1. Output the number of the condition that I308 fails; it satisfies all remaining conditions of (1) more than 15 Å from the ligand (Cβ to nearest atom); (2) in a loop (DSSP other than H, G, I, E, B); (3) buried (at least 23 other Cβ atoms within 10 Å of the Cβ).
2. Has region 508-521 got at least one residue that is crowded, with 17+ Cβ neighbours inside 10 Å, in a helix (DSSP H, G or I) and within 16 Å of the ligand (Cβ to nearest atom)?
3. Could you identify the single residue in S122, S116 that is more than 18 Å from S47 (Cα to Cα), surrounded by fewer than 21 Cβ atoms within 10 Å (Cβ to Cβ) and in contact with a strand residue (DSSP E or B) (Cβ under 9 Å, 6 or more places away or on another chain)?
4. When K409 is evaluated against the numbered criteria (1) in contact with a Phe, Trp or Tyr (Cβ under 8 Å, 6 or more places away or on another chain); (2) closer than 18 Å to V453 by Cβ; (3) within 12 Å of the ligand (Cβ to nearest atom); (4) of a type outside the set (S, T, N, Q), which criterion, by number, is the only one it fails?
5. Tell me yes or no: at least one residue of region 298-308 is in contact with a Pro (Cβ under 6 Å, 6 or more places away or on another chain) and polar (S, T, N, Q).
6. Looking only at region 311-335, count how many residues are out of contact with any strand residue (DSSP E or B) (no Cβ under 9 Å at 6 or more places or on another chain) and within 16 Å of the ligand (Cβ to nearest atom).
7. Being closer than 21 Å to D71 by Cβ, in contact with a Lys or Arg (Cβ under 8 Å, 6 or more places away or on another chain) and among the hydrophobic types (A, V, I, L, M, F, W, C) is the filter here; which residues of region 113-148 pass it?
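The values are calculated or read from the model by the stated rules, or taken from the named source; none is laboratory data. The model shown is predicted, which means the values in this text are computed figures rather than measured ones. Here the Cβ is made from the backbone with ideal geometry for all residues, glycine too, and neighbour counts use every protein chain on show.
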Amino acid sequence: MYYKKQKQIVPLLILAVAMMIQVSCTKQEPSDLSAESIIPKPVSVVSTGDYFTLRSNTDIYVMGESSELLDIGHYLADRLRPSTGYSLNVKSTSGDPGRGSILLAIEGSSGADINSEGYELSITGKQLRLTAATHAGLFRGVQTIRQLLPARIEMAERQEGPWKIASGTISDYPEYSYRGAMLDVARHFFGVDDVRRFIDFLAYYKMNRLHLHLSDDQGWRIEIKSWPNLTLHGGSTEVGGGPGGFFTQEQYRAIVDYAEENYITVVPEIDMPGHTNSALASYAELNCDGRATELYTGIEVGFSSLCIDKEITYKFIDDVIREISEMTPGPYFHIGGDESHATKLSDYIPFVERVQEIAASHGKQCIGWDEIANAKLKPNSIAQNWANPRNAVKAVEQGAKILMSPSSKAYIDMKYDKTTKYGLQWAGFVEVDVSYNWDPAALVPGVGKDDIVGVESPLWTENITNIDEIEYMVFPRLAGIAEIGWTPAESRKWEEYRTRLGKHGERFDAMDINYYKSPLVDWTALDE
Ligand code: ACM
């Protein structure tokens, strides 16, 4: 009898367990924090097997009254509100707000945090608690919260829940202090809305620098009040002969402000002494022969030069750097310096040295493309390694630092393969694995981790004309460059990354991003 009963119980137990598995599968409850596909990969993740649920009555609390903290709380609420439809009230508190809440707090200083962008996320069934030593750290942690929620959280219209986050602890901080991307608004012009969307992309992957290439042969894109013809004439066209355009100072300030709200520093670039035809066409006096050049809409490089011997050249540069620096709170001014084939080296060297001094007189630290290492660099100057590793070594030997943007890996305007419709291929095809699979500190013999400020992926726009094309070149490579900048090299493996990246396909879909579906990655699509 006993035996018989037991025989009946076993199948019943099996049935019950099977039903439980079925229920938990259909509910898709995350329960393993360490299995979540966070990019960049965090330094440390410990899972505890439970989950926190975002509900219609969840409030977001910030510890204390600081308006900056409240702004971060509102940023989080604004990201989560459209898809959840929850009100997600943001409130100040002076104590533990208790069960069901999200809490953001500035707390102490996290020891390993090299540049104050680290954060700790502690998730239990009762509370989601994000702490950091700085506001920037909290902002980076907020991006992790977004990525821990289902991809549908990024959609603009209301979605069905549940909105669960696996429980555990994340301790995280970046490997490099400079993690950025460059947008070339000179070859083709892109307006404020496009730049804001670009900033959103950087923020989502915890990048912290936006380099704007504001002038080139084909166009001058930033209003300079003391030299108005730069934009009136020099901004009036672009590659291919389109209407071009430029940022008024008010618009530029709006970009800087938006970047600041995202804890991103704008790095303005005025490329010189080459890549200056738009200025030379706008002001005859900047030319050695006193005659203005024609506007240029082609894509050849290396034919233009400011007149190195004329004093007016330095008055011009001083005015331009002064006006831009006054609008730019960050420490950097990028002076270009690449491909100055129309400038003799004996002219180029004193030019770069003098321009560094002008930038310093306006309180700015210089960044320049790697050729600037031919000049005597100021100790705080940064050489951006794009083409010639010998220049990087020369810069380091002078005590300068390196920003890593090797064109054959980090240039996101290079085609992925021969089928890519946009972009160029002079540095080779840059598939997603090529752009991910490198270590800045192992790239140039003689240039080690301590010599490097970080990484940047430039997007040149000779044949990129609208935001859809920008997105296609940026995604998914930007995510990989962001991870190179954030995650220690020894924790990064392509085979593991490609699985995590595949899961971001549904996030790109949710954000309506036009991305390249690399055949090297198994993409997870959003099933709507
Ligand atoms: C560059 O790509 N000319 C810096």
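1. It is condition (3) that I308 fails.
2. No, because not a single residue in region 508-521 is crowded, with 17+ Cβ neighbours inside 10 Å, in a helix (DSSP H, G or I) and within 16 Å of the ligand (Cβ to nearest atom).
3. None of the other options fit; the residue is S116.
4. Tallying (1) in contact with a Phe, Trp or Tyr (Cβ under 8 Å, 6 or more places away or on another chain); (2) closer than 18 Å to V453 by Cβ; (3) within 12 Å of the ligand (Cβ to nearest atom); (4) of a type outside the set (S, T, N, Q), K409 fails exactly one: (3).
5. Taking every residue of region 298-308 in turn, at least one turns out to be in contact with a Pro (Cβ under 6 Å, 6 or more places away or on another chain) and polar (S, T, N, Q).
6. Summing the residues that are out of contact with any strand residue (DSSP E or B) (no Cβ under 9 Å at 6 or more places or on another chain) and within 16 Å of the ligand (Cβ to nearest atom) in region 311-335 gives 0.
7. Within region 113-148, L121, A132, V142 qualify.
So that you can scan it fast, the table gives a plain yes or no per residue for (1) modelled with pLDDT under 95; (2) touching an Asp or Glu at 6+ places or on another chain (Cβ under 8 Å); (3) not hydroxyl-bearing (S, T, Y):
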| residue | (1), (2), (3) |
| --- | --- |
| S116 | yes, no, no |
| T124 | no, yes, no |
| L128 | no, no, yes |
| T134 | yes, yes, no |
| F139 | no, no, yes |
| T144 | no, yes, no |
| Q147 | no, yes, yes |
| P150 | no, no, yes |
| R158 | no, no, yes |
